[in-house]
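Structure, as structure tokens:
Nothing in this text is a laboratory measurement; each read-out follows from the coordinates by a stated rule. Not measured: the values here are computed from a predicted model. Glycine also receives a Cβ, built like all others from the backbone with ideal geometry; neighbour counts cover every protein chain displayed.
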């Protein structure tokens with residue numbers, strides 16, 4: 001299934017204007033509009049992040065996540081802004097995207113631990129990918145979240 005998609009990881013300054021627009025549009029469409037959560041989506045962390053893009057064979061952005069270096073949000077590298085475009089939400093693409101993010105961090109940085117701030121409703125999804133809950137549930141922008149950690153053995 002993932003063979004129908006192209007994955008690329010880019011630094012902020014390597015993103016084309018079109019890619020940046022598509023990323024911001026997808027994040028705002030899902031995290032602000034769909035989830036009815038009006039907050040500042042542009043938090044200043046994108047400049048230091050690596051951006052993992054998942055494009056279909058027509059070069060349409062199907063999924064995205066950002067990889068933050070250790071020390072920016074957590075003491076470990078972290079994955080965030082994990083999103084699949086609504087018209088691509090099928091065939092477990094979210095799992096494929098997150099696994100690609102995990103693989104990139106482990107292979108590129110040699111890091112064994114990755115932290116995420118996950119929406120509490122997605123705890124089981126992340127458990128299936130090897131993440132375990134490491135915090136109590138807290139509210140972030142009005143949505144219940146929890147910190148979870150992946151440990152590569």
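Here are the numbers for the structure shown:
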{"read-out": "Rounded to 5, percent antiparallel among DSSP beta bridges of the chain", "value": "95"}
{"read-out": "Gap separating the Cα centres of region 108-153 and region 34-60, nearest whole Å", "value": "18"}
{"read-out": "Neighbour-count order for 54, 146, fewest beta carbons within 10 angstrom listed first", "value": "146, 54"}
{"read-out": "Calculated [θ] (222 nm, deg cm²/dmol) that DSSP helices of n ≥ 4 give over the chain, each run adding -39,500 (n - 2.57)", "value": "-7000 deg cm²/dmol"}
{"read-out": "Neighbour-count order for 30, 132, 105, 9, fewest beta carbons within 10 angstrom listed first", "value": "132, 9, 30, 105"}
{"read-out": "Full-stretch length increase - residue 28, residue 8 - with 0.36 nm per residue and alpha-carbon distance subtracted", "value": "5.1 nm"}
{"read-out": "GNM flexibility winner over the chain from 128, 22, 70 (Cα, springs under 10 Å)", "value": "128"}
{"read-out": "Principal axis dimensions, largest first and in whole angstrom, of the chain by Cα", "value": "40, 35, 31"}
